[in-house]
Amino acid sequence: MPPSFASGSTQQLHALAAYVSRVVPIVRSEARQLRALKRPAGKPRALAALERYLRALPQAVAEYVALAAAARSANPQRVASAEAALRASPLSALAGAYGLRSCASPGATVS
């Protein structure tokens, strides 16, 4: 689990805001690209799992945007709330349910 920045200094929160603000366009782009992929043929159960994952993507993007805004405001309570929302996101579990191993590992990237 990543560290919490909720008790960070104003300087640390502003650094977090800058970092997450650079991450948001990447997350948006990846979500857009995943949603644009042609849906594979498959069993209805697997396709339903994929659809649940794809429907959850916009909320995950919104949670990263909320974290950036909370960090920019240097409000520890808002940062804690945004961090909690990201940790509680079902996105990784939904990815794993469909078999997207890399997407199922929080923080994982593929080169």
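Quick look at the numbers
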| quantity | calculated |
| --- | --- |
| Mean separation of Cα contacts under 8 Å, 6 or more apart, over the residue count of the chain: relative contact order % | 32 percent |
| [x] 0.95; [y] 1.03; [z] 1.18, with the label sought being that of the calculated Rg/Rh (Cα atoms, Kirkwood Rh) | [y] |
| Under 15 Å, Cβ to Cβ, from Glu83 - net charge with Lys/Arg +1 and Asp/Glu -1 | +2 |
| Solvent-accessible surface (1.4 angstrom probe) belonging to Leu100, in square angstrom, nearest 10 | 50 Å² |
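The values are calculated or read from the model by the stated rules, or taken from the named source; none is laboratory data. Please read all numbers here as calculations on a predicted model, not as lab measurements. In this analysis, Cβ positions are derived from the backbone assuming ideal geometry, glycine residues included, and neighbour counts consider all displayed protein chains. Ligands, DNA and RNA are stripped out before the accessible areas are found, and what is left, the full protein with its side chains, is counted by its heavy atoms. Shrake-Rupley method; radii C 1.70, N 1.55, O 1.52, S 1.80 Å.
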